[in-house]
1. Taking the options B:87, B:74, name whichever one is within 11 Å of DNA strand C (Cβ to nearest atom) and under 16 Å from the mean Cα position of the chain (by Cα).
2. Looking at residue A:31 and the list (1) within 12 Å of chain B (Cβ to nearest Cβ); (2) within 22 Å of residue B:23 (Cβ to Cβ), which single condition is not satisfied?
3. Exactly one condition in (1) away from chain B (no Cβ under 14 Å); (2) crowded, with 17+ Cβ neighbours inside 10 Å is not met by residue A:47; state its number.
4. Considering B:26, B:13, which residue is surrounded by fewer than 19 Cβ atoms within 10 Å (Cβ to Cβ) and facing chain A (nearest Cβ under 9 Å)?
5. Counting only residues that are more than 10 Å from DNA strand D (Cβ to nearest atom) and either away from chain B (no Cβ under 14 Å) or out of contact with any strand residue (DSSP E or B) (no Cβ under 9 Å at 6 or more places or on another chain) (or both), how many does the stretch A:50-70 have?
6. Collect the residues in the stretch A:121-138 that are more than 16 Å from residue B:7 (Cβ to Cβ), exposed (fewer than 15 other Cβ atoms within 10 Å of the Cβ) and under 22 Å from the mean Cα position of the chain (by Cα), keeping them in residue-number order.
7. May I ask you to say which residue of A:84, A:98 is touching a helix residue (DSSP H, G or I) at 6+ places or on another chain (Cβ under 7 Å), within 9 Å of DNA strand D (Cβ to nearest atom) and under 21 Å from residue B:18 (Cβ atoms)?
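Since every read-out is calculated from the coordinates, none of them should be taken as a lab result. Remember, it's a predicted structure, so these values are computed and weren't measured experimentally. No Cβ is skipped: glycine too gets one built from the backbone with ideal geometry, and neighbour counts run over all protein chains shown.
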DNA sequence: ATGTAACAGTTGTAATTGTAACTAACAAGA
DNA sequence: TCTTGTTAGTTACAATTACAACTGTTACAT
C-alpha cells in the first residue's frame, strides 16, 4: 500500500499548534489560578486590558478570538474580584469601556513578571533566530 | 514611568500560540463537524488512531494532552458512530486497545485529504524555510 | 495468600461553555 | 416621527467539561 502523496499528519499545523499551545497554556494556568482564582478566560481578558489599555468587550472579542458570552462572563467575574471597572461610553451608550482597577493592574503586573520568566523558560533551547521566525509565523497565522 | 525590563506581552509565546491555534482549530472544525457530527475531542482521538494506529486510551491521554474523561467520552461517541472498536488487552485486562473500524478509517482518510488542503492553504504566504523552523519549534515546545 | 498501593477506565455531579433568543441603544430612510 | 435593520452586551437553557469518587484489575511486599 503506497503512501505516495499521502499527507503526513505529523506535520499538520493545527495539530502541532494545538499541542504546543495546550502544553504551555496548561503549564501557565496554575499561576493565575492558584494566586487569584482566575479562569483562563479571565486571565485572557486581563491580559488584553493590561497590555493594550482600555477596550470594549467587542474589541476583546476580536483580539482574543473568544465568544462574546465568554467575555461577558469573564468581565463580570473580574469585576466581582475588584480587578476591573466598566464605564458606559458617552457617545454610544450600548458599549462600555473596560479598564483594570489599580488592584487589577497590580495583579496583572505580578503576573506579567511571572509570564516573563515562564516565557524565558519555555524558550530555552530554541535559538534566538528561530524564535523570531516562530513569532512572525504565529502572528501571521493568527491574522489570516 | 520607565518600561525598561518590562516584558512585552505581544511576544508572550503562550499567547501567540493560543491565537494561532484557536484560529486554525476553529476554521478546521467545520469539516468534521458538518460531515460527521464529530466534536473536537472525537476528531483528535480519530486523528491519533488514524495516524499512529492502535492505541490505548491512556496512550492518547499523553499524546493528545486531553483529560482521560474527555477521551473516555469521545471514544464512546466514536464507538456509537461505528468508527472505532475496542478490545481488552489479554496481558493487562484493565486497558483496552482502540482501533478505527473500516468505516472509521474511511472517514479519517477523507478528513486527511481535507486536512492536507487546509494545511496547504494556511501555510500559503509562509516561506518553506520558515515552515521548517516553525514545525521544529512547535514540536520542541510540545515535548518539553 | 493477603493486604496495600497503583493503574485503566467510567460515572455522578457541579462548573463551564455554546447557541439562540433577548434587551437596550443607535442609524437611517420614508 | 415611525419603521426597519444593526450592534453591544446579557441571559436562559442545553451541551460539554472537569473534578472527585468509583469499579475492576494488576503489582508486589509481607
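1. B:74
2. Of (1) within 12 Å of chain B (Cβ to nearest Cβ); (2) within 22 Å of residue B:23 (Cβ to Cβ), only one is false for residue A:31: (2).
3. Result: residue A:47 fails condition (1) only.
4. Exactly one residue qualifies, and that residue is B:26.
5. 6
6. Residue satisfying the conditions is A:132 alone.
7. Going through A:84, A:98 in turn, just one is touching a helix residue (DSSP H, G or I) at 6+ places or on another chain (Cβ under 7 Å), within 9 Å of DNA strand D (Cβ to nearest atom) and under 21 Å from residue B:18 (Cβ atoms): A:98.
Yes/no per residue for (1) surrounded by 19 or more Cβ atoms within 10 Å (Cβ to Cβ); (2) within 16 Å of DNA strand C (Cβ to nearest atom); (3) in contact (Cβ under 8 Å) with a residue 24 or more places away in the chain:
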| residue | (1), (2), (3) |
| --- | --- |
| B:54 | no, yes, yes |
| B:61 | no, yes, no |
| B:83 | yes, yes, yes |
| B:97 | no, yes, yes |
| B:107 | yes, no, yes |
